[in-house]
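**Q** Pasting a structure here, questions to come.
Where a number appears in this text, it was derived from the coordinates with a stated rule and is not lab data. As the structure is a prediction and not an experimental result, all values here were calculated from the model. Cβ placement follows ideal geometry from the backbone for every residue including glycine, while neighbour counts extend to all protein chains displayed.
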Amino acid sequence: MLPSPISSNRRGASQHLRKFSSSDLKRALSLLRTRSRFTNLSIVILAGCFCVSFLYNLAFIFSSSSPSLVPYTPPQSILSTIARNASLENLSHLVIVPGHAIWTGTQPDQVLEVDQWTLEEYQRGGGSYRISAFVEHIRRGVELTLKDDSSLLIFSGQVFDLGNTGQTRLQSTTTEAESYMRLAMTLGLFHPDSERTSHEPQFPRATTETYALDSYQNFLFSLARFHEITGRYPLQVTIVGYEMKRRRFEELHRTALRFPAQHFEYIGIEPSTNEESARIGEVKNGYAPYKLDLYGCHDFLLAKRRARNPFLRFHSYHASAPELRGLLEWCPDDERMVYNGPLPWDLYE
């Protein structure tokens, strides 16, 4: 018998192949649709790994962008040393007196003596009338505090007294805040109705904040210091300072901290003599730089902070005021961008 033509063989082989492939395909699909225990376990493991990875990354993102969202409790070694005065726990009004210079005197009659003050070069031309403004700031801050039993007075300012020995030999560690407190006590301002003595009792509703290096930090660090003393944040803030710095505090610093305007007051007191050059200097070296760099953490303003910290000191407010950690670290590339994280006074408005 002759062999079949080639074309006929190919056609039969092709039909057999199609029949075989169709059957095998159905069988393979059926096998793939069948879930084994191993496949189910793998899916559970992969899903679990995905969830853990997702949650970890989510926590990392929030902790990086808004540190204040991460719960924090200072270690027991610190908490064990803290015993707050129970009478201060209900205070709600913060009175801030930013420091501008350092008084080195010890007697009441030395308060207005220029030689008893450590002044910046630009301050020396002002004479005693400029010093009288410093003293008036202190007096007004104390008066406001005495009139309001819910208030806490904070003298704020670091800037060490370097003495007359030059920048290379740092001898004194007196701060602006501490010298303001000492002046107030020397004049007996906290106990005006009693006879002044050399051992005036400590006034409990007044303290110092000795880490601020500029006006923005005077405001922010005093809020943190209030929390250290009372365990809460103030409902009302009053700042006593130069009238020429009003716009800087009201328009820039308050905005940067997002503190509600209706809970904020600025009391401006100028020297008795009109000082136009000082006002021009304030716009040039204060208001204008902060308008471009709200948080003072870039270039010109950062350089000023470094120059004012010769002893390389740093504050404790990340631990004592954890709700402000995000704000304390806020330094955006866009220098005018306002902090957008949660703040304790968001509910005040």
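**Q** Mind listing P(r) for region 92-347? All alpha-carbon pairs, 5 Å bins, whole percents.
**A** Final binned percentages: 1, 6, 13, 18, 20, 18, 13, 7, 3, 1, 0, 0.
**Q** Please report how many Lys pairs in region 92-347 have alpha carbons closer than 23 angstrom, counting only residues at least 8 apart along the chain or sitting on separate chains.
**A** Number of lysine pairs found: 5.
**Q** Could you calculate the FRET efficiency of V114 with F54 from 1/(1 + (r/R0)^6), where r is the beta carbon distance between them and R0 is 56 Å, rounded to 0.05?
**A** The calculated FRET efficiency here is 0.30.
**Q** A further question on this structure: Which percent, to the nearest 5, of DSSP beta bridges fully inside region 92-347 are antiparallel? Don't skip to the answer; put the middle values down first.
**A** Details: 2 of 21 bridges.
About 10 percent, rounded to the nearest 5.
**Q** Using the count of nearby Cβ atoms within 10 Å as a rough guide to exposure, how do R254, R130 rank from fewest to most? Write out the running numbers ahead of the final one.
**A** Details: R254 19, R130 22.
Arranged by neighbour count, lowest to highest, R254, R130 become R254, R130.
**Q** What is the distance, in nm, between label points placed 7 Å from the Cα along the Cα-to-Cβ direction at N85 and at D299?
**A** According to this spin-label approximation, the distance is 4.5 nm.
**Q** Given Cα positions, please report Rg to Rh for region 241-333, the hydrodynamic radius being the Kirkwood one.
**A** Checking Rg against Rh, the ratio lands at 1.00.
**Q** Let me ask something else about it. Nearest 0.05, what FRET efficiency do F314 and I45 give at R0 = 56 Å with Cβ-Cβ as r?
**A** It comes to 0.75.
**Q** Residue-wise, which Karplus ³J(HN,Hα) couplings in Hz belong to region 277-288, taking 6.51 cos²θ - 1.76 cosθ + 1.60, θ = phi - 60°, and x for glycine or proline?
**A** 5, 5, 5, 5, x, 5, 5, 6, 9, x, 4, 4
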